[in-house]
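Asks: Here you go, one structure.
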Amino acid sequence: NSSSSTTLAASSYVLRRGFSSESAPERKVTILGAAGGIGQPLSLLMKLNPLVSKLALYDIAGTPGVAADVSHINTRSEVAGYAAEEQLGQALEGSDIVIIPAGVPRKPGMTRDDLFKINAGIVKSLCEAIAKYSPKALVNMISNPVNSTVPIAAEVFKSKGVYDEKRLFGVTTLDVVRAKTFYAGKANVNVAGVNVPVVGGHAGITILPLFSQATPKANLSDDIIKALTKRTQDGGTEVVEAKAGKGSATLSMAYAGAIFADACLKGLNGVPDVVECSFVQSTVTELPFFASKVRLGKNGVEEVLGLGPLSDYEQQGLEALKPELKSSIEKEVLPIPLLE
Ligand code: NAD
Ligand code: LMR
């Protein structure tokens, strides 16, 4: 697909889009949780993206420093920091894209589900503000557990009468980034040209990389495919353990988040054939939300693409992940007042 070879070099953004940053439409991007481990490098990467004209950085702690720092970079976007809850409305107003990396990260021994209690409350209150101040924005949900925070966001938007399934995305790009890196290593091919769809959800076995569809093709043994699958599924835990209590993936996540937001911007700007995997409302399986390839357009999701042919191993993985993904999706029906 056209977007997966995205690089973050400003010049290549301009070249591949066929317009200079001066003629690109005005686009406001807001980051909620901008001063965190992901938020800071993500703010930097979005500041480097010439498709962005306004960059709003919101966090409940540490925003002024991050905003002042990023604002000195001599690229197109105007940066504004918003530090207190009273300023959240201003941060959101007029946003085309809202990226949410607000919330607590895992420590060793925890699952993403262990983050549910605290992050569900954070996501719920942020989505209430989005419903009020920027109901037309594309929402890129990074906060974990993505398998539950996306359905929570959908419920909040429904309760406020502003839900549009085309505008809500769970960011699963890091799974794709990992699958590409690990595949390129084993297949001994140039990683820049690698594509691997990753479907399902964003936790453990719900992450299902489709190496049978990876390009360029390589003749890898079943054992290697199994090992690659497991490493992709456990990629988050690999980083959590290596950071030994200091959090989870931040730098690779910021990269992945910037790739996905860039794809959303390109879609909004009418660039054709922008395809990325994302966890969205779906009819690809019987589950109401599912990650698969999605074509992005002027209104967000233009088309949710099907799974394509699966190997027997992938078919088994698909059946195995469904009950777990279903129960994570259904968590959002927990009495939300408990979370307040
Ligand atoms: P972090 O603790 O370093 O940063 C989180 C930031 O969120 C902090 O700056 C904090 O002040 C802020 N915050 C908390 N409550 C807020 C609120 N109500 N409004 C605005 N900001 C608020 O954590 P991190 O490492 O940046 O991770 C953030 C989240 O992203 C975690 O839930 C983590 O599990 C998740 N994550 C997701 C993926 C993915 O692939 N989708 C990858 C990595 C991490
Ligand atoms: C990841 O995949 O790195 C994130 O979801 C963070 C985590 O907790 O693993």
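Please treat every number below as a calculation from the coordinates, not as lab data. Since we're looking at a predicted model, the values are computed, not measured. So basically every Cβ, Gly included, is an ideal-geometry build from the backbone, and we count neighbours across all protein chains shown.
Asks: Conditions first: (1) under 20 Å from the mean Cα position of the chain (by Cα); (2) exposed (fewer than 13 other Cβ atoms within 10 Å of the Cβ); (3) among the aliphatic types (A, V, I, L, M). Residue 242 passes all but one, so which condition is the exception?
Replies: (1)
Condition check ((1) under 23 Å from residue 157 (Cβ atoms); (2) more than 21 Å from the chain's Cα centre (by Cα)) across all residues:
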residue	(1), (2)
66	no, yes
74	no, yes
80	no, yes
90	yes, yes
103	yes, no
123	yes, no
127	yes, no
131	yes, no
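Asks: Could you run through region 93-114 and say how many residues are free of Cβ contacts under 8 Å to residues at least 40 places away in the same chain and farther than 18 Å from residue 39 by Cα?
Replies: Counting residues in region 93-114 that are free of Cβ contacts under 8 Å to residues at least 40 places away in the same chain and farther than 18 Å from residue 39 by Cα gives 2.
Asks: Which one is surrounded by the fewest Cβ atoms within 10 Å (Cβ to Cβ) among residues in region 216-239 that are within 22 Å of the chain's Cα centre (by Cα) and either within 26 Å of residue 288 (Cα to Cα) or away from ligand 1 (no atom under 16 Å from the Cβ) (or both)?
Replies: 230
Asks: Further, regarding this structure: From the list 156, 162, 139, pick out the single residue that is surrounded by fewer than 21 Cβ atoms within 10 Å (Cβ to Cβ) and more than 16 Å from ligand 2 (Cβ to nearest atom).
Replies: From the options 156, 162, 139, the qualifying one is 162.
Asks: Identify the single condition in (1) crowded, with 23+ Cβ neighbours inside 10 Å; (2) aliphatic (A, V, I, L, M); (3) out of contact with any Lys or Arg (no Cβ under 8 Å at 6 or more places or on another chain) that residue 196 does not satisfy, given that it satisfies every other one.
Replies: (3)
Asks: What are the residues in region 285-330 that are crowded, with 20+ Cβ neighbours inside 10 Å, touching an Asp or Glu at 6+ places or on another chain (Cβ under 9 Å) and assigned to a helix (DSSP H, G or I), if any?
Replies: Answer for region 285-330, where residues must be crowded, with 20+ Cβ neighbours inside 10 Å, touching an Asp or Glu at 6+ places or on another chain (Cβ under 9 Å) and assigned to a helix (DSSP H, G or I): just 328.
Asks: Also, quick follow-up: Restrict the check to region 127-145 and report whether at least one residue is among the acidic types (Asp, Glu) and closer than 22 Å to residue 284 by Cβ.
Replies: No, region 127-145 contains no residue that is among the acidic types (Asp, Glu) and closer than 22 Å to residue 284 by Cβ.
Asks: I've got another one for you. Sort through 210, 174, 126 and tell me the only one that's within 16 Å of ligand 2 (Cβ to nearest atom), buried (at least 16 other Cβ atoms within 10 Å of the Cβ) and in contact (Cβ under 8 Å) with a residue 24 or more places away in the chain.
Replies: After ruling out the rest, the residue left standing is 174.
Asks: What single numbered condition from (1) surrounded by fewer than 16 Cβ atoms within 10 Å (Cβ to Cβ); (2) more than 8 Å from ligand 1 (Cβ to nearest atom) fails to hold for residue 45?
Replies: Failing condition for residue 45: (1).
Asks: Would you check if residue 182 is part of a strand (DSSP E or B) and either closer than 21 Å to residue 267 by Cβ or more than 10 Å from ligand 1 (Cβ to nearest atom) (or both)?
Replies: No.
Asks: Related question: Quick check on this structure: which one of 245, 185, 200 is within 27 Å of residue 298 (Cα to Cα) and more than 10 Å from ligand 2 (Cβ to nearest atom)?
Replies: It is 200.
Asks: May I pose another question? Could you pull out every one of the helices (runs of 4 or more DSSP H) wholly within region 199-284 that has 3 or more residues that are in contact with a strand residue (DSSP E or B) (Cβ under 8 Å, 6 or more places away or on another chain)?
Replies: Here the list reads 222-233, 251-268.
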